[in-house]
Amino acid sequence: MFNEIYDQLKNTVEENLIPFLPETSPESRLLYDAMKYSLEAGGKRIRPVLLLASCLASGGQLQEAMPFACAME
């Protein structure tokens, strides 16, 4: 059961990471591309998953916590 919840929260974070990246000016494109590449590489995403799990445990809404979870990553 734990693995299912973890995977579900991890997938939710993965789906929301790139949309939270702000568009940049052409001068900052190299930095933007590096950040996007790093986020698309995947990973355990333990910090944002813990934040979202804490949100759920305290009765909060995932969508309200999602910007903070993505910022942690």
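The values are calculated or read from the model by the stated rules, or taken from the named source; none is laboratory data. Just so it is clear, the model here is predicted, and its values are computed rather than measured. Don't worry about glycine lacking a Cβ; one is built from the backbone with ideal geometry, like all the others, and counts go over all protein chains shown. Areas reflect the complete protein model, heavy atoms only, side chains present, ligands, DNA and RNA absent. Shrake-Rupley method; radii C 1.70, N 1.55, O 1.52, S 1.80 Å.
Observations, loosely collected:
- Among helices (runs of 4 or more DSSP H) entirely within the stretch 1-60, having at least 3 residues that are over 17 Å from MET72 (Cβ atoms) and of a type in the set (A, V, I, L, M, F, W, C) singles out 29-40.
- Residues of the stretch 61-73 satisfying the condition of being part of a helix (DSSP H, G or I) and either exposed (fewer than 10 other Cβ atoms within 10 Å of the Cβ) or aliphatic (A, V, I, L, M) (or both): LEU62, GLU64, ALA65, MET66, ALA69, ALA71, MET72
- Checking each residue in the stretch 1-47 for being open to solvent by 80 Å² or more (accessible area, probe 1.4 Å) and in contact with a Ser or Thr (Cβ under 8 Å, 6 or more places away or on another chain) picks out only LEU31.
- Scanning the stretch 21-36 turns up no residue that is out of contact with any helix residue (DSSP H, G or I) (no Cβ under 8 Å at 6 or more places or on another chain), among the hydroxyl-bearing types (Ser, Thr, Tyr) and closer than 23 Å to ASN3 by Cβ.
- Residue ID - farthest from ALA71 (Cα to Cα), chosen from residues in the stretch 1-44 that are at pLDDT 90 or above and among the aromatic types (Phe, Trp, Tyr): TYR6
- Condition met for ARG29 (in contact (Cβ under 8 Å) with a residue 12 or more places away in the chain and of a type in the set (Lys, Arg)): no
- Any hit, the stretch 43-54, residues being on the phi > 0 side of the Ramachandran plot and of a type in the set (D, E, K, R): yes
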